[in-house]
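What follows is a single structure, written as structure tokens, with notes after it.
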Amino acid sequence: MPLNIERLALPGVLLLQPQVFGDERGFLMEAWNQRELDEAVGEPVRFVQDNHSRSARGVLRGLHYQLAVPQGKLVRVGTGTVFDVVVDIRRSSPTFGKHVTVELSGENKWQLWIPAGFAHGFMVLSESADLLYKATTYYDPPSDRSIVWNDPDLGIEWPDIEPLLSDKDRDAVPLAQADLYD
């Protein structure tokens, strides 16, 4: 079951569109294939942890990353719809400070490969959404960092929904003050 793979405007960030076989009974899709992902990424990818978050409409999580123990992530939405954002936070990158956005949903079944070196965030557009992601390293609390979601230097055009934020995301710093990758 081959994937359609689109390379997005940030180097290494991929949009994976799985082939879905559906009829009146439901659907079947291959959600992940080691060989196809390795080929698309250009190197072996090893996942060590699966995460699942459920959030209500308007919840905005991000922009998160781990500094000392960076994570690559394969992100998808099981149910609902999210506005997903990836920001290049590698100082040496020609696309430093740039971002891409994608609407991921249980309906379109698209997935996003986010390599280490990028911040990630999303806002829930539906009544609720289940976001599922595979991570290449274990969660490391001391390494956890956040960039404020509405940093004007990033210029992200978030949906016109009042965001529901955690204290962590409310207290996040702008990109200019963040600990970043070289």
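Taken over region 129-164, the criterion of being within 17 Å of the chain's Cα centre (by Cα) and more than 15 Å from GLN71 (Cα to Cα) is satisfied by ALA129, ASP130, LEU131, ILE147, VAL148, TRP149, ASN150, LEU154, ILE156, GLU157, TRP158, PRO159. Within region 91-106, if we keep just the residues that are touching a Ser or Thr at 6+ places or on another chain (Cβ under 7 Å) and surrounded by fewer than 17 Cβ atoms within 10 Å (Cβ to Cβ), the residue that is farthest from ILE5 (Cα to Cα) turns out to be GLY106.
Every condition in (1) touching a helix residue (DSSP H, G or I) at 6+ places or on another chain (Cβ under 9 Å); (2) surrounded by 17 or more Cβ atoms within 10 Å (Cβ to Cβ); (3) modelled with pLDDT under 95 is met by TRP113 except one, and the failing one is (3). Scanning region 8-43 for residues that are under 17 Å from the mean Cα position of the chain (by Cα) and surrounded by fewer than 12 Cβ atoms within 10 Å (Cβ to Cβ) yields a single hit, ALA9. Going by the conditions given, is HIS64 in a strand (DSSP E or B) and either surrounded by 15 or more Cβ atoms within 10 Å (Cβ to Cβ) or over 14 Å from the mean Cα position of the chain (by Cα) (or both)? Spelling it out, HIS64 is indeed in a strand (DSSP E or B) and either surrounded by 15 or more Cβ atoms within 10 Å (Cβ to Cβ) or over 14 Å from the mean Cα position of the chain (by Cα) (or both). Being part of a loop (DSSP other than H, G, I, E, B) and among the hydrophobic types (A, V, I, L, M, F, W, C) is not true of ALA40. Note on region 102-127: residues that are in a strand (DSSP E or B), over 21 Å from SER92 (Cβ atoms) and not small (Gly, Ala, Ser) amount to 8. Test ASP130 against the stated conditions and say whether it is surrounded by fewer than 20 Cβ atoms within 10 Å (Cβ to Cβ), among the charged types (D, E, K, R) and not in a strand (DSSP E or B). So ASP130 does not fit the description; no. Across region 1-24, the qualifying residues are those that are hydrophobic (A, V, I, L, M, F, W, C) and not in a strand (DSSP E or B), and the one among them that is nearest to ILE114 (Cα to Cα) is VAL13.
Yes/no matrix, rows are residues, columns are (1) buried (at least 22 other Cβ atoms within 10 Å of the Cβ); (2) among the acidic types (Asp, Glu); (3) over 16 Å from THR136 (Cα atoms); (4) within 15 Å of the chain's Cα centre (by Cα):
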| residue | (1), (2), (3), (4) |
| --- | --- |
| ASN51 | no, no, no, yes |
| GLY58 | no, no, yes, no |
| ALA68 | no, no, no, no |
| THR79 | no, no, yes, no |
| ILE89 | yes, no, yes, yes |
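Going through (1) closer than 23 Å to GLN177 by Cβ; (2) among the aromatic types (Phe, Trp, Tyr); (3) not in a loop (DSSP other than H, G, I, E, B) one by one, PHE27 falls short only on (1).
Looking only at residues of region 138-150 that are touching a residue at least 40 places away in the same chain (Cβ under 8 Å) and in a loop (DSSP other than H, G, I, E, B), we find that the one that is farthest from LEU74 (Cα to Cα) is VAL148. Considering only residues in region 167-182 that are part of a loop (DSSP other than H, G, I, E, B) and under 18 Å from the mean Cα position of the chain (by Cα), the one that is modelled with the highest pLDDT turns out to be ALA172. VAL45 meets each of the listed conditions (1) assigned to a loop (DSSP other than H, G, I, E, B); (2) at pLDDT below 95 apart from (2).
The values are calculated or read from the model by the stated rules, or taken from the named source; none is laboratory data. Bear in mind that the values here come from a model prediction, so they are computed numbers and not experimental data. As a convention, Cβ positions derive from the backbone with ideal geometry for all residues, glycine included, and neighbour counts pool all protein chains shown.
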